[in-house]
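Okay, structure first, notes after.
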Amino acid sequence: MGFAPSRRVGVLLVLLGLCAACSAQLPPPAPPAMLHESFAGKSEFRTVNRRPLESCRNPSPYLSINASTAGPLPDEAFVNVTVGGVFMPRGSHWVAMITPSNSSVSGCPLSGVNYLETGDTAKLPLLCHYPVKAQRAKSDPGYLGCKKATCQKRDASGGCQVRTCGATLTFHVINFRTDVEFVFFAGGFQTPCLLKRSGVLRFANPAKPLSGHLSSTDSSATSMRITWVSGDGRPQQVQYAGGRAAASVATTFTRKDMCSFSVLPSPAKDFGWHDPGYIHSAVMTGLQPSQSYDYRYGSDSVGWSDTTKFRTPPAAGSDETSFVIYGDMGKAPLDPSVEHYIQPGSIAVTGAVAKEMQTGKVDSIFHIGDISYATGFLVEWDFFLHLIRPLASQVSYMTAIGNHERDYAGSGSVYVTPDSGGECGVAYESYFPMPTAGKDKPWYAIEQGSIHFIVMSTEHAWSEKSEQYNWMEKDLSSVDRSRTPWVIFIGHRPMYSSNVGIIPSVDPDFVASVEPLLLNNKVDLVFFGHVHNYERTCAVYKGKCRGMPRKDASGIDTYDNSNYTAPVHAIVGAGGFSLDGFSLIPQSWSLSRISEFGYARVHATKTSVLVQFVSSGTMEIRDQFRIVKGGR
């Protein structure tokens, strides 16, 4: 969710060089009323580019900044960065990690106005290239009290004549291929100025194949796609199943592929751009359903990934399947840093799902929109892929597109918001190739076990007679219920939600167009995200309950679809983004409302579907329901 209105506000900001003399400048205008709330999670650093920079006055001649690494950076490291030579430690001192190290940090007028496109109006500094992350020096508890003192000059008797202070901060760094530099600032996030820059740090192997993640290619479960990133575009391969191999196809995207205005570059096209390297993809064939295989990917020239074991999902028509589903995950730092966008629950949810997978009862994962929340700051895709790798490298990781992947003016999205930061679905479709009909048509159907899944894009045209609508109508009407008795409909923006916000969570036009398709084709269960909580409905149509569950012998709410009435809807958008609440006046169709981070686990047989919402904090089941039927 977290989308902003399409209204644009022009701002003229005159930026200063990091070490140049300050000039008079126009103050930022008051934001329009609709933009007063930040939708960027908890990070205070999210709009660091917006503020002008000032020059530091009378800096200490002893200033230093050094990183702990003795050589090139590995693929993942926690780097200790030490600043020293500070006369007077202040709470406004901070250190930024910037990549690439030669990024321009001065002379970029008008960049500040771009941030209004994100719908975020926090007042923070303005850099020409977005720092990956930052930490305040006072994160070291000894900094303000000068617990780490150094004598820089002694008098004739040996007494300390000049004493300075320092701090050590730990940064989590992953191999995103480009060089890294740490920059020490004074003045806080409001009036920053540069104190010292570190030396350049390079990765030992920028071409290393990393972040492999799996996806299903069809309903037979006899092939699986593996996608990974590398700094090298030459062909690589996946080796699997004790001697088989498949060559990769490498793709990439450039600034030119990002959406923007001709006179107002988007974050993705301007200060948020980061070279994605190359995205490799290969298909492993000749597999058997519900079987485990070892694999690795890469080449002798660039290196190989670790060997990993994955399991294929059950084939369509088999007796049962189990999957995990959530939306709106994003990522959060593994260090004390602040970043552009932080989704505070993402680490707990991925950790909980990893525990779930250890049971061996997860056949696949569905992540239904708002994937990384990179929103035009493209290095954050690397951090997200790193976060989900323990999950997505072992089972099929299927996705749906959301507003934060697609929406931007001129993109053709249904909703003219700047929520993708100029990515316009390009990065999403590059990193997560799904079995879709074609480029920029991110809708598909796939079957696993007893379930027919239909995955739509709520961001592309869905009105009657649109291409996507016609596809949905055709797909739903052609389901073989003797093979897959259950139909589950998946998208990002919901049809029912009790959340009350500045911008409505539900589009009545979307409901009016698509909901009749669900009823007419007897869709059993609907999953949406976008709203950051969990909510379950009765069997509902046009806002009215047409069927209510009854408690079974175990006390579980049970819907009997032997006599079908309407779909049950569930919002599962609690995957990581800051949680949403609910209206104080519950709707009659709303049966369960939980504002906690978590995910849904689903187990389906031929005659029953059990859905359980699991809290990531406790692993407790917070809501559960069952849909049953005797056959059709």
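The values are calculated or read from the model by the stated rules, or taken from the named source; none is laboratory data. Note that the coordinates shown come from a computational prediction; the quantities given were computed from them, not determined experimentally. Using ideal geometry, Cβ is built from the backbone for each residue, glycine included, and neighbour counts are taken over all protein chains shown.
Taken over segment 499-534, the criterion of being hydrophobic (A, V, I, L, M, F, W, C), out of contact with any Leu (no Cβ under 9 Å at 6 or more places or on another chain) and assigned to a helix (DSSP H, G or I) is satisfied by 510, 511, 512, 514, 519. Candidates 260, 248: the one that is at pLDDT below 95, touching a Ser or Thr at 6+ places or on another chain (Cβ under 8 Å) and among the hydroxyl-bearing types (Ser, Thr, Tyr) is 260. Considering segment 448-479, and only residues there that are assigned to a loop (DSSP other than H, G, I, E, B) and free of Cβ contacts under 8 Å to residues at least 24 places away in the same chain, the residue that is surrounded by the most Cβ atoms within 10 Å (Cβ to Cβ) turns out to be 466. All of (1) surrounded by fewer than 16 Cβ atoms within 10 Å (Cβ to Cβ); (2) more than 24 Å from the chain's Cα centre (by Cα) hold for residue 501 with one exception: (2). Within segment 254-281, the set of residues being under 13 Å from residue 209 (Cα atoms) and not aromatic (Phe, Trp, Tyr) comprises 276, 277, 279, 280, 281. So is residue 308 closer than 22 Å to residue 446 by Cβ and β-branched (Val, Ile, Thr) or not? So residue 308 fails the test.
Among the residues of segment 246-280, count how many are more than 19 Å from residue 307 (Cβ to Cβ) and under 22 Å from the mean Cα position of the chain (by Cα). Matching residues across segment 246-280 total 23.
Scanning segment 567-575 for residues that are hydrophobic (A, V, I, L, M, F, W, C), touching a His at 6+ places or on another chain (Cβ under 9 Å) and buried (at least 18 other Cβ atoms within 10 Å of the Cβ) turns up at least one hit.
Contact map, segment 228-244: first residue surrounded by fewer than 16 Cβ atoms within 10 Å (Cβ to Cβ) and modelled with pLDDT of 95 or more, second residue assigned to a strand (DSSP E or B) and of a type in the set (Gly, Ala, Ser), Cβ cut-off under 6 Å, separation 6 or more or different chains; pairs are 233/250; 235/247. The set of residues in segment 174-203 that are within 18 Å of residue 99 (Cα to Cα) and among the aromatic types (Phe, Trp, Tyr) comprises 176, 182, 184, 185, 203. Counting the residues of segment 424-447 that are in contact with a helix residue (DSSP H, G or I) (Cβ under 8 Å, 6 or more places away or on another chain) and not in a loop (DSSP other than H, G, I, E, B) gives 6.
For segment 158-219, give me every one of the strands (runs of 3 or more DSSP E) that falls completely inside it and has 2 or more residues that are free of Cβ contacts under 8 Å to residues at least 40 places away in the same chain.
On the way: elements: 160-174, 181-186, 193-197, 210-216.
Result: 160-174.
Residues in segment 382-403 that are within 22 Å of residue 333 (Cβ to Cβ) and either touching a Phe, Trp or Tyr at 6+ places or on another chain (Cβ under 6 Å) or free of Cβ contacts under 8 Å to residues at least 12 places away in the same chain (or both): 382 alone.
For residue 579, indicate whether it is outside any loop (DSSP other than H, G, I, E, B), aliphatic (A, V, I, L, M), touching a residue at least 24 places away in the same chain (Cβ under 8 Å) and more than 16 Å from residue 365 (Cβ to Cβ). Criteria not met by residue 579.
Out of all the residues in segment 134-149, is one or more surrounded by fewer than 19 Cβ atoms within 10 Å (Cβ to Cβ) and assigned to a strand (DSSP E or B)? Yes, some residue in segment 134-149 is surrounded by fewer than 19 Cβ atoms within 10 Å (Cβ to Cβ) and assigned to a strand (DSSP E or B).
Test residue 494 against the criterion of being at negative phi, free of Cβ contacts under 8 Å to residues at least 12 places away in the same chain and not in a strand (DSSP E or B), and give yes or no. No: the conditions fail for residue 494.
Does residue 291 satisfy the condition of being outside the structural domain of residue 393 (by TED's automatic domain parsing), surrounded by fewer than 16 Cβ atoms within 10 Å (Cβ to Cβ) and touching a Ser or Thr at 6+ places or on another chain (Cβ under 7 Å)? Criteria met by residue 291.
Can you tell me which residue among 591, 584, 610 is surrounded by fewer than 18 Cβ atoms within 10 Å (Cβ to Cβ) and under 18 Å from residue 552 (Cα atoms)?
Every option except 610 fails the conditions.
Of all residues in segment 142-159, those that are among the basic types (Lys, Arg), more than 15 Å from residue 63 (Cβ to Cβ) and over 41 Å from the mean Cα position of the chain (by Cα) total 1. Checked against (1) out of contact with any Cys (no Cβ under 6 Å at 6 or more places or on another chain); (2) not in a helix (DSSP H, G or I), residue 259 passes all but condition (1). In the set (1) assigned to a strand (DSSP E or B); (2) under 29 Å from the mean Cα position of the chain (by Cα); (3) crowded, with 20+ Cβ neighbours inside 10 Å, residue 538 fails one condition alone, (2).
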